[in-house]
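What follows is one structure encoded as structure tokens, with my remarks underneath.
No lab work stands behind these numbers, since they all come straight from the coordinates. Fair warning: this is a prediction, and the values are worked out from it, not measured in the lab. Note that each Cβ is placed from the backbone with ideal geometry, even for glycine, and that neighbours are counted across all protein chains shown.
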């Protein structure tokens, strides 16, 4: 069962002409409500102490006081509150996964470009890294799979050299932020050239999933970006609706506890359907397992 973590608060801030818009989340939620009876869970803002698990005091202070400049990260009123709420949604999604369900955070702003001491790429705090760090402190073994079309440089910076965690990313290269060309230590990067076929992408995904399988984590945390879609305005990859169904199915076939965090994806006319296709792949595996369980009981 998939539970979506969402609050209408995520729709209350906007920067004109910015691709990371409230319309993205609004289209997703409206589409899901039309397609099925999905459960939505409201998040609470994270505690400030949660931010210090991965970020410096200096970065937290800058965001709290709106004392920063980055062309991709607008100085929006109350952005500290919204960013903390997005972190809280990610933490809630991870808690749902510990209950044996799949939590999917539909929070904004996204997070995987935010590093220990820097924001960037529409990201203020690193949602997934904070949720993962809280799990590591509870002695869970975690694999982070980043399928956003951009490399999660912030997540990599935060989690490199950490014990009991691996970071695995499939992303377009070259592209923003210009990192992720090589693998090292506990970070496995699979760069995909612009205009590559979806077949090439899926081949890299299969290798990435085999690494995760061999690592044998307790939990898989997924940075879900839908800017790998062939009609996304910011990148040049080639995935289709069917590919997202296949990707969801392949990830859930690993048979692990999983939580999902929304990152990018900027085609607001298609993003609702893309997410629906993705979770349909997850649900196909869940239904198959439930069927097998019933057969065993009978």
Length added when fully stretched, residue 16-residue 185, from 0.36 nm per residue minus Cα-Cα
56.8 nm
Alpha-carbon centroids, region 78-132 and region 166-196: separation in whole Å
21
To the nearest 10 degrees, how steeply does helix 271-297 sit against the main Cα axis of the chain, on a 0 to 90 scale?
40
Relative contact order of the chain, pairs being alpha-carbon contacts under 8 Å that are 6 or more residues apart, as %:
18
1/(1 + (r/R0)^6) with r = Cβ-Cβ of residue 98 and residue 216, R0 = 22 Å, i.e. FRET efficiency to nearest 0.05, evaluates to 0.80
Where a ≥ b ≥ c are the square roots of the eigenvalues of the C-alpha gyration tensor, would you call the chain rounded, which needs a/c under 1.5, or, failing that, prolate if a/b is larger than b/c, or oblate?
rounded
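Give the calculated FRET efficiency between residue 81 and residue 286 to the nearest 0.05, with a Förster radius of 35 Å applied to their Cβ-Cβ distance.
That pair, residue 81 with residue 286, gives E of 0.50.
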Can you give the extra length, in nm with one decimal, that the chain gains between residue 48 and residue 117 once fully stretched, where that is 0.36 nm per residue apart less the Cα-Cα distance?
23.3 nm
How many angstrom lie between the C-alpha centres of region 1-66 and region 236-261?
21
Angle check, please: helix 22-35 long axis (alpha carbons) against the longest principal axis of the chain (alpha carbons), in degrees 0 to 90, nearest 10.
20
Candidates 80, 38, 229, ranked by Gaussian network fluctuation over the chain, Cα under 10 Å, top entry
38
Among 242, 155, 228, determine the one that fluctuates most according to a GNM of the chain built with springs between C-alpha atoms less than 10 Å apart.
242
In nm, spacing of pseudo-spin labels at residue 160 and residue 34 (7 Å Cα→C-beta vector)
4.4
Just to be sure I understand: with springs between alpha-carbon atoms less than 10 Å apart, which residue in 169, 86, 183 has the highest mean-square fluctuation in the Gaussian network model of the chain?
183
Tell me, 108, 230, 34 in order of fewest to most beta-carbon neighbours within 10 Å?
34, 230, 108
Round to the nearest 10 and give me the degree value, 0 to 90, for the angle of helix 241-252's Cα axis relative to the longest principal axis of the chain.
80
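For every helix of n ≥ 4 consecutive DSSP H residues, a contribution of -39,500 (n - 2.57) applies; sum these over the chain, divide by its total residues, and give [θ] at 222 nm rounded to the nearest 500 deg cm²/dmol. Present the calculation step by step, with values, prior to reporting the outcome.
On the way: 9 runs with 121 residues, N = 298.
Result for the chain, helices only: -13000 deg cm²/dmol.
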